[in-house]
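Asks: Before I ask anything, here is the structure I am working with.
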Amino acid sequence: MAREEIHASSGRPTGESLTSNPPTERRNSFLWGTATSSHQIEGGNDKNDWWAWELEGNIEGGARSGQATDHWNRFREDIRLAHELGLNSYRFSLEWSRVEPQEGQWDSGAFEWYEELLNECEKYSLTPMLTLHHFTSPKWFADAGGFTWPGSARRFAEYTKKVAQRLGSRVPLWCTFNEPMVMITGGYLGKFMPPAKFWPEGASLACRNILKSHVRAYEILKQEIQRPVEVGIAHNLLDFMPDRYWHPMELVITQVLHRFYNRSWLDAVTGRKQNFGVPGLVPKPRPVMDALKRKTVDFIGVNYYTKAYVKWRSRDAAEGVSSDFPIGLAFSRRHEAVSDVGWAVHPQGLKKILKFVSGYGLPIYITENGIADRSDSLRKEYLSSHLAATAEAIQEGMDIRGYYYWSLMDNFEWVKGFGPRFGLYSVDYDTFDRQLRDSGTYLSQLIRAHRDGNVWKAPRSELL
Ligand code: FCB
């Protein structure tokens, strides 16, 4: 089926109505973008739970986000750099702790900054995709219990409403949450994110309250914004596989993890079922009634990076997986091509994941895909192989509408600090100079080869 037909038959607003100031030629454009998040790039975010956790010395090498990439002062340059790559979209997140630094106190100046950012996007015809929550929560919210707090969904709804009222008319594409499962496993099972507890009941409560927050946010965005908007989530998926194919326990755990980590969230936001429990580990939460038997997303955002080998009671669990967790995960094996953070380069996994996600019958954006590669020796190959997988998926009829590389520039990589370099632009942390990497040039050439006038086409495998 041609892409035009897909758009028409799905009843989705066309690309034309998705842009802030839409030139007609952009109808049905594939979205080519980069993704970032507030805390990783802005700098000066000292009112959230991450900053507090950084001060306790939890980041590798004792690092702190500090000025991060100084994007707060350099955003104009950064948006221009995104434009120079030939992109037509930009995914970023709003820092809740900036706009509501104390409960119920709204900072108008912070909203103005985001308005300026949107002005820059508009100036360069970059369709914005805004994420409401990308791992960080205001300190006051985290102190009250974060998403284990019974009041959390109401507070998140208030925040969403303010954002919708202030910025809604400017933003056609929304992600409510970035990677809820990473936040939940990192915060309550694996201890690699604040509050870094091994607390399975907390994981269960957080699943429930994040889903509740998501559903409310979905409704608020639809009600408050007087233009067609698409709302989804950005969901991290891993290609799980048993470490030993003959090992019955590893085969079973692989299925359990696939169901919990990859599937449960997608089942929940498409109204199929709410299966957030893991037998013997995470208690199943009470269902969120508002999310049953209805879709609360218009698209699914796929964040895909790598595979995960599942090891039963392994002693050499992967980094970031605490010993309280009875299962070991490894993101690569010896002799596999790996990124600087040890994640295997595994484009076949992207194809498998896209096929799996397509089963939900919703449009897909690849909201993150990228590699930590300081020497820039693997990134071109990573890009071309993952874009080839995307192209094949589209040729097979999967409804994929955009690809966002993670990330525009090097940034603060959470618990790993500033070591991993994911950027198409490198950042010199002494001067904050940005330099285009060769792989950045490569991606921009590739995008231009997929551009016809002002229409950005989806990747075609023969050109890769
Ligand atoms: C994803 C996160 C993003 C970044 C990349 C490398 O899981 O969403 O913020 O850290 O990994």
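Asks: Can you work out ³J(HN,Hα) from phi for every residue in the range 188-205, in order, using Karplus 6.51 cos²θ - 1.76 cosθ + 1.60 and θ = phi - 60°, giving whole Hz and x for Gly and Pro?
Replies: Along the range 188-205, the couplings run 10, 10, x, 6, 10, 8, x, x, 6, 10, 8, 8, x, 5, x, 4, 5, 4 Hz.
Asks: Given the pairs LYS139/LYS191; LYS380/LYS416; LYS222/LYS284; LYS161/LYS352; LYS161/LYS416; LYS295/LYS457, which span a C-alpha to C-alpha distance of over 25 angstrom in this model?
Replies: LYS222/LYS284; LYS161/LYS352; LYS161/LYS416; LYS295/LYS457
Asks: Please arrange SER377, SER152 by accessible surface area, largest first, computed with a 1.4 Å probe and ligands excluded.
Replies: SER377, SER152
Asks: Restricting attention to the alpha-carbon atoms of the range 36-159, what are Rg (one decimal) and Dmax (integer), both in Å?
Replies: Taking only Cα atoms of the range 36-159, I get Rg and Dmax of 15.2, 45 Å.
Asks: Could you work out the helix-only [θ] at 222 nm for the chain, with each DSSP H run of four or more residues adding -39,500 (n - 2.57) and the total divided by the number of residues, to the nearest 500 deg cm²/dmol?
Replies: Details: 16 runs with 169 residues, N = 464.
Calculated at 222 nm, the ellipticity per residue is -11000 deg cm²/dmol.
Asks: Now a separate question. Where a ≥ b ≥ c are the square roots of the eigenvalues of the C-alpha gyration tensor, would you call the chain rounded, which needs a/c under 1.5, or, failing that, prolate if a/b is larger than b/c, or oblate?
Replies: Working: a/c = 1.21, a/b = 1.12, b/c = 1.09.
Rounded is the answer for the chain, as its axis ratio a/c remains below 1.5.
Asks: Charges on Cβ only, +1 for Lys and Arg, -1 for Asp and Glu, centred on the Cα centroid of the chain; of ILE210, SER339, ASN454, which one is farthest towards the dipole's positive end?
Replies: Farthest along the dipole direction, towards plus: ILE210.
Asks: Another question about this same structure. Would you mind working out the accessible area per residue for the chain, using a 1.4 Å probe, and quoting it in Å²? Please report the intermediate quantities before stating the final value.
Replies: Details: 17310 Å² over 464 residues.
On a per-residue basis, 37 Å².
Asks: What percentage of the solvent-accessible surface of the range 335-464, computed with a 1.4 Å probe over protein heavy atoms, is contributed by carbon and sulfur atoms?
Replies: 48 percent
The values are calculated or read from the model by the stated rules, or taken from the named source; none is laboratory data. Given the structure is predicted, the values throughout are model-derived calculations rather than measurements. Heads up, the Cβs are rebuilt from the backbone with ideal geometry, glycines too, and the neighbour counts pull from every protein chain shown. Note: areas computed on protein heavy atoms with side chains; ligands, DNA, RNA excluded. Shrake-Rupley method; radii C 1.70, N 1.55, O 1.52, S 1.80 Å.
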